[in-house]
1. Can you tell me which residues in the range A:89-122 are within 11 Å of the ligand (Cβ to nearest atom), more than 14 Å from every other protein chain (Cβ to nearest Cβ) and outside any loop (DSSP other than H, G, I, E, B)?
2. Could you look through the range A:89-101, keep only residues that are in contact (Cβ under 8 Å) with a residue 40 or more places away in the chain and within 15 Å of the chain's Cα centre (by Cα), and pick out the one that is surrounded by the fewest Cβ atoms within 10 Å (Cβ to Cβ)?
3. Identify all residues within the range B:798-831 that are under 34 Å from the mean Cα position of the chain (by Cα), over 19 Å from B:Arg215 (Cα atoms) and either within 14 Å of chain A (Cβ to nearest Cβ) or at pLDDT 95 or above (or both); write none if there are none.
4. Write out, first by first residue and then by second, each pair whose Cβ atoms fall under 7 Å of each other, whose residues are 6+ apart or on separate chains, and whose first residue, in the range B:633-645, is without any contact (Cβ under 8 Å) to a residue 24 or more places away in the chain while the second is of a type in the set (A, V, I, L, M, F, W, C).
5. Among the numbered criteria (1) in contact (Cβ under 8 Å) with a residue 40 or more places away in the chain; (2) touching a Lys or Arg at 6+ places or on another chain (Cβ under 7 Å), which single criterion is violated by B:Met221?
6. For B:Glu713, work out the one condition from (1) in contact with a helix residue (DSSP H, G or I) (Cβ under 9 Å, 6 or more places away or on another chain); (2) within 19 Å of B:Pro770 (Cα to Cα); (3) within 10 Å of chain A (Cβ to nearest Cβ) it doesn't fulfil.
7. For residues in the range A:265-285 being surrounded by 15 or more Cβ atoms within 10 Å (Cβ to Cβ) and among the small types (Gly, Ala, Ser), which is nearest to A:Tyr183 (Cα to Cα)?
8. If we scan the range A:132-143, do we find a residue that is more than 10 Å from the ligand (Cβ to nearest atom), without any contact (Cβ under 8 Å) to a residue 40 or more places away in the chain, more than 22 Å from A:Asn90 (Cβ to Cβ) and away from chain B (no Cβ under 14 Å)?
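The values are calculated or read from the model by the stated rules, or taken from the named source; none is laboratory data. None of these values were measured; they are calculated from a predicted model. Neighbour counts are summed over all protein chains in view; Cβ atoms, including those assigned to glycine, are modelled from backbone coordinates with ideal geometry.
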Amino acid sequence: MIPAPFDYARPTTVAEVLQAVASGGEDVKILAGGQSLIPVMRLRLAAPETVVDLGGVAELRGVREEEDAIVIGAMTTHSDVLSDPLIAANAPLIAEATATVADRQVRHLGTFGGALAHADPAGDLPAVALALDAEFVLVGPGGRRTVAAGDFFVDYLTTALQEGELLVEVRIPTLAGRWGMHYEKFNRVAQAWSIVAVAAAVRTENGHIAEARIGLTNMGPTPLRAAAVEAALAGVDATDEAIASAAAHAAEGTSPSSDLNAQADYRRHLAQVLTRRAVRAAAGL
Amino acid sequence: MTVTEDRPGDLPERTLPEDTAPAKEVGRPRRRKEDARLITGRTTWTDNMVLPGMLHLAILRSPMAHARIRSIDTGAAREAPGVVAVFTGRDLADEQGGLFTVWTVTPDMVRPDHPSIAVDQVKHVGEAVAIIAARSRAAAQDALELVDVDYEPLPVVLDMEQALAEGAPLTHDHLRSNESFHFVFDSGQAGTGANVEETFANAEVVVSRRFVQQRLIPAFMEPRAVVVQPQGDTFTLWSSTQVPHIVRTVLALTTGIPEHKLRVIAPDVGGGFGGKLQVIPEEVLCLLVARRLGKPVKWNETRSESLMSGHHGRDQIQYIDVAADREGNLTGIRARLLNDMGAYLRLVSPGIPIFGAFMFGGAYKVPAYRFDCTGVFTNKTPTDAYRGAGRPEATFAVERIMDELAVELGMDPLELRRRNWIKTDEFPYTTSAGLEFDSGDYDTATDMALELVGYDELRAEQQRRREARDPVQLGIGFSTFTEMCGLAPSRVLGTLNYAGGGWESASIRMLPTGKVEVVTGTSPHGQGHETAWSQLAADRLGVPFEDVEVLHGDTAISARGLDTYGSRSLVVGGAAVVNAAEKVVAKARKVAAHLLEANEDDLEFSNGKFAVRGTPGSELSIQEIAFATFSSHNWPEGMESSIDADATFDPVNFSYPHGTHICAVEVDTETGGVTIRRYGSIDDVGVIVNPTIVEGQIHGGVAQGISQALYEEAVYDEAGNLTTGTFVDYLLPSAADLPAFLTGNTVHAAPGNPVGAKGVGEAGCIASTPAVVNAVLDALRPLGVSDIRMPMTPERVWRAIQEGGDGGDRATAGSNAYGGAQTETTAGVSTPESSLGGDR
Ligand SMILES: Cc1cc2nc3c(=O)[nH]c(=O)nc-3n(C[C@H](O)[C@H](O)[C@H](O)COP(=O)(O)OP(=O)(O)OC[C@H]3O[C@@H](n4cnc5c(N)ncnc54)[C@H](O)[C@@H]3O)c2cc1C
């Protein structure tokens, strides 16, 4: 289908973006890779007055290293993420999850920042960002601020981004110690969204699990941390039994939805199975 | 016999080097000559057509499943920028006529009127209620939102069994019930087999099951599109259709435009799967609007529009009973079906289950046979042909119930099949349903298939996994199928009350320079007719493959034809090409005799040359004769100046491809996820004209059949909205989800046509679905699972493992006896681990 008519701006700097958003009228939409926005516009579920395209803003694209973090520009595409050496070295979980996103065509256009700003509960990157304690750098008319991942995802398709604000980059704090990571995704066909998925990052010390961070995809309106599992894993020996018994807590505190692919109880069950598998793999079992 | 194995990541090089290539074209793995333009899209897709002054149509569709249209306000839309005209059903009521159903399956079949655009009432979501004609597609789309329709909701009926219940809401309030027809065939009554009631009353074993063929959507790659150009009182209509000839005749009858004033063109068409075996409302509406406005118009649909309003397929509830003795000899099969027609009967809707009516016995000798089918109206999109059309349903039922009977008898499922199928020396074999199966060798196909998939090794692995209580279990499923295709002997269609014939036509034109035009009445939409027909003609005429051009799909060029569906094109249309070529050769022989001053009987014809037997050096090629025809300077007395020929082929019988498909699946008992581990098939499709095309048809068909088993389903909510309205929810697999298929063939030439082909267009799709379902159940029977409704989603599989039986997904279970210990264990399964590895 064809979207309803809209005005279009293609600025080249962040400052110009803010300007274009501020002067774009009632309903302004930021366009990143368009892989989520364009479909809803074509179905006429969204009909913005102005679309501000970030495609020309070079400063938003790319990955760099800072002292205590790697920093991923919002407009870095999924396929850029997949081939980035810094991400591969420091946060392979991001690459592993990104590789499961959609298909090549979508990954060439869709962006890291767009996927997080869209905050689809079935999207794969929000739970990963949550598990890695990512920090979201936002710029708006009121200036620049940094929001922790736990505060960024507010509700279904809703983030801490205020009107007129822009996600410019995401900081992934550098991890100390021996970490293993794994993204375990369950879906029905290769290019489909997750029914449930689990992002696990596990720090092991001398055969026991020192620290575990577990992010859950599609187990509620926002990505969730499986806090009960994390607590149960802290300090245990990295054995199948210990991991299985900790993973049994995976559905605690979740509120999954029911849809054509899965009723809520099945999602809760999957969360436990997939958490067990993700933690085992991350712990190197 | 050939077996080819695919190597993933390493595309098999299938073209033989020129010097070792067989002299004959038939049998050569020619690359398809049409592919470059199809794959790059640089071709005449209907939506690529642009005509001067062309207007774009957009169609407003009903969001209500059943409602009375109180009023439609089109005022704002008429005023919108770029809009030229707006039409409602009332505006067109006097001239739109009614859409046709060409198959009256019973004398008392009920066929409600079906307007192309709703006038007073809408009967399903997606029905057209208003049309915008605008200068651009965007303007037309924008104006749709300005049309205001006032609907008065009417009660909705969606479930077939509820629709037949006393007091159910009526889909058509002027009718007495929601029943369209009730078709019965009984071998006792027909005198073609034993008495069914007695057989079942006296049977030692009866197994009964209820199976559900879910509703599917054809989901062709190219959405439908129509362009109409009016010129004076004549009209040219381009449509993305499988059936331009049928479209022309039916549109003439529907709209009153005289047939000779209407030219229909199916340019390159991007897939159909039966979904474009239709005369669509939009073709009628484009004609009417073009006639009203005197301007060319184009309509093309969005994918969501296509999923919602193009016809759907399958949607059948099957009650199947099988009777046998304790040794496993079948004595009878009884099928009672409900088939959802949707809100209206479309072109051949009621005939779809009837295509399967005589095939529920499959490849087996079944003394008593009964088929009973009720067509039911509901407030859903109409159903009609979808790849296989009636035969996948029949094959599924018989191949599934054979496994159930095997479990009941404690027999190996393959052993039970072998015991019952028709033996090679028994062909031709007349079944209790009255069909004459032409040929086959089920034993050889099965032996080859077992070897192809490494059957013994798979069974050993299955045993190991069971013993190890592996959370991932292995299952193996069979489908030893046969199907009926090559549609169709006209005489048989007549006895079944189908309005048309089943013949096909071809013309061969020998051009002055010796090049050849083959005009076919078939209408390819991805099958590769241009290549295969060129191979046929090249062999019969003895001209180079490259010198043949195949023309199709334009009623002004291919005047006679019955188009492409039902695996008929090569079997019937290819046969017509061969017959036409034979006629050309016969005429050329007369000319050659004249020019070589020899007796016709002394001429031999090979590799395109006529030579006088025993006189070396005196020869004349058919291409030289083509030029001699053009000049006609020296021409046989009394003969027309042409060696061109037309031919028609009308088969005397159907053809019966068969094969053995074996599927091995891995079932993750913790998540319910199913992965195809290995898939192998040996098919007998008769003589193979092009092995690459045959393999491609099997691959695509198998993928589609797997997809029915595991992925696809059109789902409606309680209000009658299609909830699987985009490809996010209507799930299709891609190459990433499917294994490398192992395929091979046995070749027994079909006796009923000069090509020797049996048809391959639907075989893969017909055979594969039950093989997959049988495999999943084979993996899970030790866990007490007796059935799982299609598509076997991970959730359904998981629930069946949790709850035992069929996972609670079946309204009424048939007899739930599985013999032995399983009968008791179905309810008592707790976790997968606890019950794995038990006795089987
Ligand atoms: C067929 C298909 C399958 C898919 N499958 C998956 C999948 O399996 N897993 C998965 O995770 N994703 C999947 N996606 C989504 C994909 O990851 C998208 O790329 C992503 O969700 C959105 O990224 P985008 O760059 O395309 O953003 P856009 O579509 O351009 O924007 C999305 C939303 O975010 C806002 N936005 C974008 N960038 C910013 C910014 N810098 N600041 C503020 N707001 C911003 C936009 O205004 C819009 O509301 C799929 C998409 C498609 C089309």
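1. A:Ala97, A:Thr98, A:His108, A:Leu109, A:Thr111, A:Phe112, A:Gly113, A:Gly114, A:Ala115, A:Leu116, A:Ala117, A:His118
2. In this case the residue turns out to be A:Pro92.
3. B:Trp798, B:Arg799, B:Ala800, B:Ile801, B:Gly807, B:Gly808
4. What qualifies is B:Ser641/B:Trp635.
5. Checking B:Met221 against (1) in contact (Cβ under 8 Å) with a residue 40 or more places away in the chain; (2) touching a Lys or Arg at 6+ places or on another chain (Cβ under 7 Å), the one that fails is (2).
6. (1)
7. Taking the candidates together, the pick is A:Ala278.
8. So far as the range A:132-143 goes, yes, one or more of its residues are more than 10 Å from the ligand (Cβ to nearest atom), without any contact (Cβ under 8 Å) to a residue 40 or more places away in the chain, more than 22 Å from A:Asn90 (Cβ to Cβ) and away from chain B (no Cβ under 14 Å).
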